[in-house]
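Single-structure report; data block below.
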Amino acid sequence: MVTGLTRKNVTETVARLRAYFGTDATRTYAWRRQQLDALERLLVERSTDIADALRADLHKHPTESEITEIGFVLAELRLTRRRLRRWMRGSRARVPLALAPASARTVPQPLGAALIVGPWNYPLQLLLAPLVGALAAGNTVVIKPSELAPATSELLGRIIPDYLDQQAVAVMEGGPEVSGWLLDQPWDHIFYTGGSRVAKIVAEKAARHLTPVTLELGGKSPVFVDGTGNLRSVARRIVWAKFINAGQTCVAPDYVLVTPDAQVGLQTEMAAAVRELYGDDPEQSPDYGRIISTDHYLRLTSMLRLGTVVSGGRKEVGSRYLEPTILADVLPTSSVMTEEIFGPVLPVISIADVDEAIAFINERDKPLALYVMSSRRAVRRTFLERTSSGALAINVGAAHLSVPGLPFGGVGASGMGSYHGKRTFDLFSHQRAVFSKPLSPDTLRLIYPPYTPRKSRFVTKLLRRLS
Ligand code: NAD
């Protein structure tokens, strides 16, 4: 991608945003509110352009874009706007009696200049949802869209300056080079969504300035199925979560662990669910996406050789089409089971029981999401207690991230930090401790030296009683 940007442009833009932050213009409730209103107008007025760009980049159906991109950000935005005044007020903390009389408060303050670097798979949502919180918290922001979703990147670069305060928000388009220049700047927060290889570069560069980072990463999110409950419904839920956006979703089920008695039935039901959602020939379906690039297409299609294709497997390189594919007989050591798939290939592995499934999951990196499909309460509780993952979703796939009250983020290799709803506001705020005491009565004198034996006895007694 040629953007004409230079390192100098990047440095100057960041300096300009910092200077603007220094004017205090972004701190007021009125400015924050204005920006949120403007962002809402952008999403509503330009929704057709956005849907067209997402169609061009990923062949997303406009309704899918409404559900997973535009509508998602609007919901975050409206919640934030409704609660903003309350969130800005902060909260009170209890003052220990030994320090009374006094007041203690947590006051959220903007951090300064924030950088948001996004991936290509949900190229609007994953930039604008963090932006909502960054603006609500009163920061200046640079957003860096992914070069692999060029239509969405170009659109955001063109329309954001028409709506948001140009002195506070800049879109800097480009690939790794521009991203590298941006990461060399001294930020107050870096919010990165993408793969773990680049996340390590981000963390290293941020460490040079001791900049805090949020890393929203991916990994292999497993599904466990024990065959209890309605298998058709289980299959439909897995298929929807897996094949939406042609499997290019960070929380997409990556592989299925199923007990031997249920394997054939589940595979049959999943193949039927694919036909139900996308027809006999998903290539003709207006609802089914395409692979983002030829490199990704080649990586994914090479995986088809690593198992037995149970259903799907048809492909077409020109349009980067890969049919929703279910794969059996995969080796745990093959790349389809050691790397994040991030596409429409779903390995199904037979596993003896809950204990073996848990051992299998716990031998690997902690996933972003873990899905348990079971009508047995004991099974669900066992997974809750004996595994770790960013999220645990029971009997449903990939829907938990639409609950704004739940933290969205990973643990271990799947990420660092979480956001959504109030958490995004908190993430882009410094939680400042404010403690205030009247000058009289000067009760603190009781603990000042000199520590005579009598005073020491008194202080020890007092503190122990009051703590
Ligand atoms: P990526 O890491 O390749 O790219 C993400 C961003 O990093 C892009 O903006 C890109 O320009 C930039 N970048 C690429 N190379 C860089 C470099 N050398 N230095 C600095 N910046 C660089 O990720 P991707 O392929 O766009 O996304 C796929 C990954 O993201 C998957 O692992 C997926 O699971 C994960 N993901 C996570 C979430 C989440 O919310 N947790 C959401 C979507 C995707």
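The values are calculated or read from the model by the stated rules, or taken from the named source; none is laboratory data. Computed from a predicted model, the values in this text were never measured in an experiment. Backbone-built Cβ (ideal geometry, glycine too); neighbour counts: all protein chains shown. Surface accessibility is based on the protein's heavy atoms, side chains included, excluding ligands, DNA and RNA. Shrake-Rupley method; radii C 1.70, N 1.55, O 1.52, S 1.80 Å.
The 1.4 Å probe gives accessible areas that order Met373, Met416, Met88, largest first, as Met416, Met88, Met373.
Computed on the chain, with alpha-carbon pairs under 8 angstrom and 6+ residues apart, the relative contact order is 18 percent. Rolling a 1.4 Å probe across the protein heavy atoms gives the range 286-398 an accessible surface of 44 Å² per residue.
For the residue pairs Lys8/Lys205; Lys144/Lys315; Lys60/Lys205; Lys144/Lys205, the C-alpha atoms sit more than 27 angstrom apart in Lys144/Lys315; Lys60/Lys205. Phi-derived couplings, Karplus 6.51 cos²θ - 1.76 cosθ + 1.60 at θ = phi - 60°, listed residue by residue for the range 377-394: 4, 4, 5, 4, 5, 4, 5, 4, 7, 10, 10, 10, 6, x, 9, 10, 10, 10 Hz, with x used for Gly and Pro. Stretching Arg305 away from Asp280 to a fully extended chain increases their span by 6.7 nm, per 0.36 nm per residue minus the current alpha-carbon distance. In this calculation the C-beta distance from Asp261 to Ala75 is compared with R0 = 45 Å, giving a FRET efficiency of 0.65. Under the criterion of Cα pairs below 8 Å and six or more residues apart, the relative contact order for the range 221-409 equals 28 percent. In this simple spin-label model, placing a label point 7 Å from the Cα along the Cα-to-Cβ direction at both His209 and Arg27 gives a separation of 2.1 nm. For the chain, the fraction of 1.4 Å probe accessible surface lying on carbon and sulfur atoms is 54 percent. Each other residue within a Cβ distance under 9 Å of Asp254 adds +1 if Lys or Arg and -1 if Asp or Glu, for a net charge of +1.
List residues of the range 419-434, by number, whose backbone nitrogen lies under 20 Å from a label position 7 Å along Cα→C-beta of Ala93. What the label zone holds, given the 20 Å backbone N cut-off, is 423, 425-434. Using R0 = 51 Å, the C-beta based FRET efficiency linking Phe435 and Ala15 works out to 0.90.
Helix 231-243 and the longest principal axis of the Cα set of the chain meet at an angle near 70°.
Here the range 219-234 and the range 241-307 have alpha carbon centers that stand 14 Å from each other. Taking 7 Å steps out from each Cα toward its Cβ at Leu446 and Arg377 produces label points 5.0 nm apart.
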